[in-house]
Amino acid sequence: MTVTSFVPETEERFAHARQVADAVLFEGYVLYPYRASAAKNRLRWQFGVLVPPGWGAECEEHDFQHTECLMEPKAGATLSAEMRFLRARRRTVQQARPDGDFETVSELPLDDRVLVPWDEGGEERVEVVASVDELLGDGITRPFRLPAREDTAPVLDAAGRTVGRLVRRCAEISGTVRLSARELDGPYRAMRLTAVVENTSDWTPSEGQAADRDAALPYSLVATHLLMALSAGSFLSMTDPPEWAKGAVAACRNLHTWPVLAGEPGSADLVLSSPIILEDHPAIAPESPGALYDATEIDEILALRTAALTDEEKREARGTDERAAAVIELADSMPAEVLERLHGAVRSLREVTGPSPAAPSPDGGFPDEHGVRRPDTPWWDPASDAGFDPARDRVVVDGRSVGKGSRVELHPGLRRTDAQDIFLRGRTAEVEAVLHDVDGGVHLAVTVEGDPGADIRREQGRFLYFQPDEITPLEDDA
């Protein structure tokens with residue numbers, strides 16, 4: 001593989017962006033419950049898989065990614081690009097025999113884990129550095145090739161005896177990174193940058209070999225993405241470009257990937273082209289205790305559910321993959337205060353109703369450098385509730401004043417998806433409170449007339465809730 005080392009300044013910028021890029025690289029690497037035997041871990045890797053071209057025609061996956069974005073480089077600027085992907089390492093498990101030889105087995109039980117066959121993923125990088133002037137015209141092409149490799153590692157028991165070994169095999173992979181640029185017409189010195197990553201491996205299924213995805217994965221580039229940085233100048237946002245650039249942005253072609261501004265908010269010299277759609281300047285949540293690889297769930301739920309796995313399930317997870325073993329250890333050792341921080345962080349509301357996370361609040365609500373509030377610090381302004389009283393507030397519906405004690409008829413709207421509400425259509429109810437949410441919406445808390453549990457609901461404060469357009473007043477008790 002041809003590699004060009006980055007200058008320290010570029011390496012530092014990439015190191016920051018790699019925190020997000022790593023989340024892309026390992027997204028879905030191993031899913032809860034982190035065991036190879038789990039059904040959803042049998043179909044590996046869903047994002048950015050570039051398959052060999054000889055097999056791509058037989059499936060719905062692709063052998064290339066095509067990125068286009070706009071940049072405004074300064075004179076003499078250099079573009080540094082880093083293409084990253086995972087390379088599948090097919091791992092088999094072998095058990096030691098009395099004669100000193102080894103035989104392949106479906107599992108190898110140990111005291112703390114159960115080793116099973118599995119495809120591991122090893123990170124690979126291809127780095128390209130070129131002046132912007134070199135990119136004009138046909139640009140540059142950087143081919144790379146990774147030779148086939150086989151490694152073995154002994155498996156030792158608690159007493160230090162060799163009880164087996166792991167055999168890891170990597171297939172040969174080849175590919176190409178192509179970078180080119182073209183100046184745009186107009187008064188601004190802007191360019192369209194094109195970056196294409198291709199899998200050029202010549203693998204095809206041999207005669208009698210099943211032409212399935214599992215056979216193609218060792219020859220594929222997995223979770224492929226690009227990081228690109230300008231030494232001088234800036235990129236334009238593809239989601240929020242300036243007015244003059246909107247037409248040029250719309251004309252860009254992005255196939256199987258999407259470029260966003262990366263790095264610190266406010267900077268524009270770094271782009272991440274990702275197979276997962278992201279917003280500009282994506283960042284890892286400061287509360288996140290570590291990689292859990294399964295972003296379809298929130299960290300709190302995953303941590304709790306992982307900690308609740310049985311000892312036998314944890315043994316299998318530890319033997320599935322080193323990263324899965326790290327997740328088990330993380331969940332088992334997570335302090336209560338860290339878990340508490342995962343519960344209910346709402347940054348979008350803070351931006352609207354509170355000070356910037358970077359600025360400490362007068363009451364000390366931001367205890368750390370990440371701008372994470374203490375669990376006992378509300379994200380709304382408590383003083384804003386002073387003018388509301390659910391027991392006395394009223395709302396006008398069809399010209400009638402409705403408040404606590406009003407009788408109404410229920411007409412749940414079709415927009416609601418709760419079947420239980422639909423069953424209450426036409427029933428009468430008594431309003432228990434008029435509530436206002438932080439977005440200015442009004443909700444009526446009611447108890448249904450004839451409900452034998454109405455007194456218990458009142459005592460516990462557990463009501464049914466409807467909006468004003470879902471009720472008809474039966475009387476005006478203003």
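The values are calculated or read from the model by the stated rules, or taken from the named source; none is laboratory data. Remember, predicted model here, so these are calculated numbers, not experimental data. Heads up, the Cβs are rebuilt from the backbone with ideal geometry, glycines too, and the neighbour counts pull from every protein chain shown. Keep in mind that these areas ignore ligands, DNA and RNA; they rest on the heavy atoms of the full protein, side chains included. Shrake-Rupley method; radii C 1.70, N 1.55, O 1.52, S 1.80 Å.
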For a quick check of your reading of the model, give me the residue pairs whose first member lies in segment 447-459 and is touching a residue at least 12 places away in the same chain (Cβ under 8 Å), whose second is small (Gly, Ala, Ser), with beta-carbon atoms closer than 8 Å and at least 6 apart or on different chains. Thr447/Ala429; Thr447/Ala454; Val448/Ala429; Val448/Ala454; Glu449/Ala429
For Ala181, which of the numbered conditions (1) out of contact with any strand residue (DSSP E or B) (no Cβ under 6 Å at 6 or more places or on another chain); (2) of a type outside the set (Asp, Glu); (3) over 27 Å from Tyr29 (Cα atoms) fails to hold? (1)
Take the conditions out of contact with any helix residue (DSSP H, G or I) (no Cβ under 8 Å at 6 or more places or on another chain), open to solvent by less than 80 Å² (accessible area, probe 1.4 Å) and at pLDDT 95 or above and apply them to Gly137. Does it pass? no
Answer from Ser237, Ser201, Ser231 - the residue that is more than 28 Å from the chain's Cα centre (by Cα), of a type in the set (Gly, Ala, Ser) and open to solvent by less than 50 Å² (accessible area, probe 1.4 Å): Ser201
Tally, over segment 68-94, of residues that are more than 32 Å from the chain's Cα centre (by Cα), surrounded by 12 or more Cβ atoms within 10 Å (Cβ to Cβ) and among the small types (Gly, Ala, Ser): 1
So, in segment 204-228, exactly how many residues are buried (at least 23 other Cβ atoms within 10 Å of the Cβ) and charged (D, E, K, R)? 0
Filter segment 450-476 for residues that are of a type in the set (D, E, K, R), assigned to a loop (DSSP other than H, G, I, E, B) and open to solvent by less than 60 Å² (accessible area, probe 1.4 Å) and give the result. Asp451
Go through segment 243-263 and give me each residue that's part of a loop (DSSP other than H, G, I, E, B) and either polar (S, T, N, Q) or surrounded by 12 or more Cβ atoms within 10 Å (Cβ to Cβ) (or both). Cys252, Asn254, His256, Thr257, Ala262, Gly263
Mind checking whether some residue in segment 54-66 is within 30 Å of Leu230 (Cβ to Cβ), crowded, with 18+ Cβ neighbours inside 10 Å, within 20 Å of the chain's Cα centre (by Cα) and among the acidic types (Asp, Glu)? no
Could you list, in sequence order, the residues of segment 95-109 that are within 35 Å of the chain's Cα centre (by Cα) and surrounded by 17 or more Cβ atoms within 10 Å (Cβ to Cβ)? Leu108
Can you spot a residue in segment 410-421 that is at pLDDT 90 or above and under 19 Å from Val448 (Cα atoms)? yes
